[in-house]
1. If only one of A:THR301, A:THR281 is of a type in the set (S, T, N, Q), within 18 Å of the chain's Cα centre (by Cα) and within 18 Å of A:ALA358 (Cα to Cα), which one is it?
2. Does A:GLY103 satisfy being surrounded by 13 or more Cβ atoms within 10 Å (Cβ to Cβ) and on the phi > 0 side of the Ramachandran plot?
3. I'd like to know if the range B:52-63 contains one or more residues that are surrounded by fewer than 19 Cβ atoms within 10 Å (Cβ to Cβ), aliphatic (A, V, I, L, M) and more than 11 Å from every other protein chain (Cβ to nearest Cβ).
4. Going through the range B:155-181 one residue at a time, which ones are acidic (Asp, Glu) and either surrounded by 14 or more Cβ atoms within 10 Å (Cβ to Cβ) or in contact (Cβ under 8 Å) with a residue 60 or more places away in the chain (or both)?
5. Which condition number does B:PRO138 fail, the rest of (1) under 29 Å from the mean Cα position of the chain (by Cα); (2) within 10 Å of chain A (Cβ to nearest Cβ); (3) under 24 Å from B:GLU162 (Cβ atoms) being met?
6. Can you list residue pairs whose Cβ atoms sit under 6 Å apart, with the first residue in the range A:210-234 being within 7 Å of chain B (Cβ to nearest Cβ) and the second being assigned to a helix (DSSP H, G or I)? Count only pairs 6 or more apart in sequence or on different chains.
7. Does the range B:29-42 include one or more residues that are on the phi < 0 side of the Ramachandran plot, assigned by TED's automatic domain parsing to the domain that holds B:ALA146 and part of a helix (DSSP H, G or I)?
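The values are calculated or read from the model by the stated rules, or taken from the named source; none is laboratory data. Model, not experiment: these values are computed from the prediction. In this analysis, Cβ positions are derived from the backbone assuming ideal geometry, glycine residues included, and neighbour counts consider all displayed protein chains.
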Amino acid sequence: MRKALAVASKELRQILRDRRSLMILLFVPAFFLLLYGYALNFDIRNVKLAVQDQDRSTKSRELVSSFVNSGYFTLVGYVDSPAELDRMVDEARVRAIIAIPSGFERDLAVRKPVTVQVIIDGDNANTASTVVGYARLLIGEFNAVQMQAFMARPGASPVPLIGVEPRIWYNPQLRSTLFLVPGLIAFISMITAVVSTALSVVREKERGTMEQVRMAPLSPLPFIIGKTLPYLVISFVSAILVILSAMVLFALPMRGSWPLLLGAIALFLVGAQAQGLLISTIADTQQVAFQVALLSSLLPTMILSGFIFPISSMPIVVQWITHIVPARYFLVALRAVVLKGADITAFWQDMVALAIFATVAMGLASLRLRREWA
Amino acid sequence: MSDLAIDVRGLTRRFGAFVAVDDLSFSVKQGEIFGFLGANGAGKSTTIRMLCGLLKPTSGTAMVGGVDVSRDPEGVKRRIGYMSQKFSLYELLTVDQNIRFFGGIYGLSSDRLESRRKFVLEMAGLQGRETTLTRDLPGGWRQRLALGCAILHEPKIVFLDEPTGGVDPLSRRRFWDLIGELSRQGVTVLVTTHYLDEAEHCHRIAIIQAGKMAALGTTTELKQVFSTRPIIEIQASQPVQAMAILDRQPSVEKTSLFGTAVHAVLRDRDTDPKALSSMLSADGIEVTSIGAVAPSLEDVFLDVVERTGAAS
């Protein structure tokens with residue numbers, strides 16, 4: 001243990017001396033959050049809208065203004081000919097078109113069903129389906145208002161109005177930011193932790209200091225522990241900075257307990273660093289270590305963790321693979337604590353999985369180093 | 001335990017089909033300075049790595065400080081000090097921090113570390129430079145610090161793998177003084193080097209060629225190969241042409257260039273250098289000086305390498 005401490009204090013001094021790298025490790029993650037947090041946003045605002053109004057009545061204008069007032073749509077203009085519509089869509093000047101048929105107001109007045117056509121540019125399927133959702137919602141609301149007005153008329157038969165009241169938990173405004181920021185936190189922390197430790201051992205191999213250390217009666221485990229401790233402290237601080245920035249910048253709530261959150265972060269980081277160490281024991285140059293570290297942390301954390309794409313909609317084989325991606329478990333824990341205020345009973349399996357990942361990766365790195373040193 | 005610090009019997013190491021070290025046997029007495037000479041890739045480093053317990057021998061045995069390196073590599077590591085050509089110190093740490101780190105991983109108690117730290121600083125002449133970054137130290141100082149870090153735990157056997165590479169002559173001299181001092185205290189030193197003038201400091205020398213022992217003995221013993229074959233040194237106006245002419249003479253075994261001078265190894269003691277001189281002059285080469293010289297280690301080394309190279 002004394003030897004592990006000797007390695008740790010040496011490593012820490014080295015890091016502290018290298019101010020630039022330290023600053024990068026501490027603050028760049030928070031900066032990434034700022035950058036990507038604003039870019040990564042599935043919410044759609046200001047969809048450019050054109051209107052083909054063949055009715056030109058009070059009711060038709062009411063419908064159009066309900067779209068514009070929603071904030072989701074910006075009115076680009078009114079058009080008359082279908083040819084002009086085509087051109088506007090082709091030139092991407094508009095993403096959505098509402099076509100209101102003539103006789104709209106008249107038919108509404110007699111409660112005859114009318115159809116309003118909503119045309120959406122489908123070149124981006126995600127955006128398109130979101131816009132369809134918005135349009136449905138707005139037209140539904142408009143419908144309800146018309147019904148109510150109709151009912152209010154004297155002599156109308158008292159038909160009970162069935163209102164649908166959508167209620168979405170945890171993220172009532174359905175802000176995709178709230179869903180994405182925890183993923184982003186996991187993503188950034190994972191990459192920094194894996195890369196920083198992956199480089200730390202290879203650097204010693206490249207500079208020849210590893211050879212000198214190997215000559216000492218020092219077994220791999222204290223060496224690995226000593227190597228990990230300082231980076232654990234740094235990436236821990238960095239992860240907390242990222243989370244605090246997310247709270248300030250993106251109004252990420254904190255509904256659960258801090259100790260639980262810190263525990264999850266610590267388990268996750270130890271696992272990530274073990275992965276970095278494992279890479280480090282295999283790679284011979286910093287360049288290779290960096291690339292492998294980046295690839296093995298970036299893609300799985302982004303694609304296979306449930307950060308962006310829900311795991312439940314992946315093919316079953318891919319779902320199995322996600323079980324070895326630590327970010328998967330961390331995300332469950334992070335979202336549970338931060339967004340839902342859940343307690344440990346809700347995600348203890350994920351904490352166990354994180355602990356298993358950390359232990360296995362540490363063990364492998366240690367074994368691998370023992371083989372290389374022997 | 002005998003007074004042998006290192007005892008190597010039939011040590012062999014293969015890497016696939018390549019035999020890096022081939023059936024090497026030698027022993028080193030306690031307090032001896034033992035030089036390991038050989039061209040690059042001759043197997044010096046592989047041998048040292050096996051003796052340090054870093055690499056398992058394919059066959060053969062090596063006892064270092066009474067411990068079998070194959071059976072107890074960790075026990076070997078506790079008994080030896082090692083310093084390599086790269087002076088593997090942490091450049092971003094200060095002198096003091098480097099000493100403390102190596103003391104830490106060798107498991108020195110804090111009292112012992114303190115006294116050893118003072119000793120190393122004094123030995124390396126680094127008092128007052130404790131807080132200097134290692135990267136800012138001149139090569140010679142770094143080299144002495146590296147040696148100090150390698151002997152912090154007071155090993156009885158020290159391995160030095162090309163310790164003087166890239167260091168100025170004055171620092172090299174001072175370094176060899178330190179090695180002599182260690183030897184007088186009973187520490188066994190096994191050192192590899194490229195500098196043949198340095199090898200003269202060694203009590204005994206082994207010359208390794210293609211993984212095999214090509215010659216072994218004291219410098220005087222090694223130079224005996226020239227007892228019946230005098231070496232003539234010739235300073236001439238066109239050394240390269242002079243060599244070509246000399247090589248055609250039946251009395252000349254071989255020639256080699258030493259700086260601007262030509263060394264010719266004669267087949268026997270009967271040839272008169274004067275005759276060679278007048279022959280060169282007849283071919284239009286101006287001879288400024290010619291005469292017998294004592295063989296240097298470089299002559300020995302070249303001779304051994306050429307003979308064993310020709311044999312294999």
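1. Exactly one residue qualifies, and that residue is A:THR301.
2. On the way: surrounded by 13 or more Cβ atoms within 10 Å (Cβ to Cβ): yes; on the phi > 0 side of the Ramachandran plot: yes.
Considered against the rule, which asks whether it is surrounded by 13 or more Cβ atoms within 10 Å (Cβ to Cβ) and on the phi > 0 side of the Ramachandran plot, A:GLY103 comes out as yes.
3. Within the range B:52-63 (the criterion being surrounded by fewer than 19 Cβ atoms within 10 Å (Cβ to Cβ), aliphatic (A, V, I, L, M) and more than 11 Å from every other protein chain (Cβ to nearest Cβ)), the answer is no, since none of the residues qualifies.
4. Those that are acidic (Asp, Glu) and either surrounded by 14 or more Cβ atoms within 10 Å (Cβ to Cβ) or in contact (Cβ under 8 Å) with a residue 60 or more places away in the chain (or both): B:ASP161, B:GLU162.
5. Among (1) under 29 Å from the mean Cα position of the chain (by Cα); (2) within 10 Å of chain A (Cβ to nearest Cβ); (3) under 24 Å from B:GLU162 (Cβ atoms), the lone unmet condition for B:PRO138 is (2).
6. The qualifying pairs are A:ARG214/A:TRP373; A:ALA216/B:ILE105; A:PRO217/B:GLU74; A:PRO217/B:LYS77; A:PRO217/B:ARG78; A:LEU218/A:LYS3; A:LEU218/B:ILE105.
7. Checked the range B:29-42: no residue is on the phi < 0 side of the Ramachandran plot, assigned by TED's automatic domain parsing to the domain that holds B:ALA146 and part of a helix (DSSP H, G or I).
Results for (1) of a type in the set (S, T, N, Q); (2) touching a Lys or Arg at 6+ places or on another chain (Cβ under 7 Å); (3) without any contact (Cβ under 8 Å) to a residue 24 or more places away in the chain, shown as yes or no for each residue.
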{"site": "A:GLN291", "(1), (2), (3)": "yes, no, yes"}
{"site": "A:SER297", "(1), (2), (3)": "yes, no, no"}
{"site": "A:PRO326", "(1), (2), (3)": "no, no, no"}
{"site": "A:TRP348", "(1), (2), (3)": "no, no, yes"}
{"site": "A:LEU369", "(1), (2), (3)": "no, no, no"}
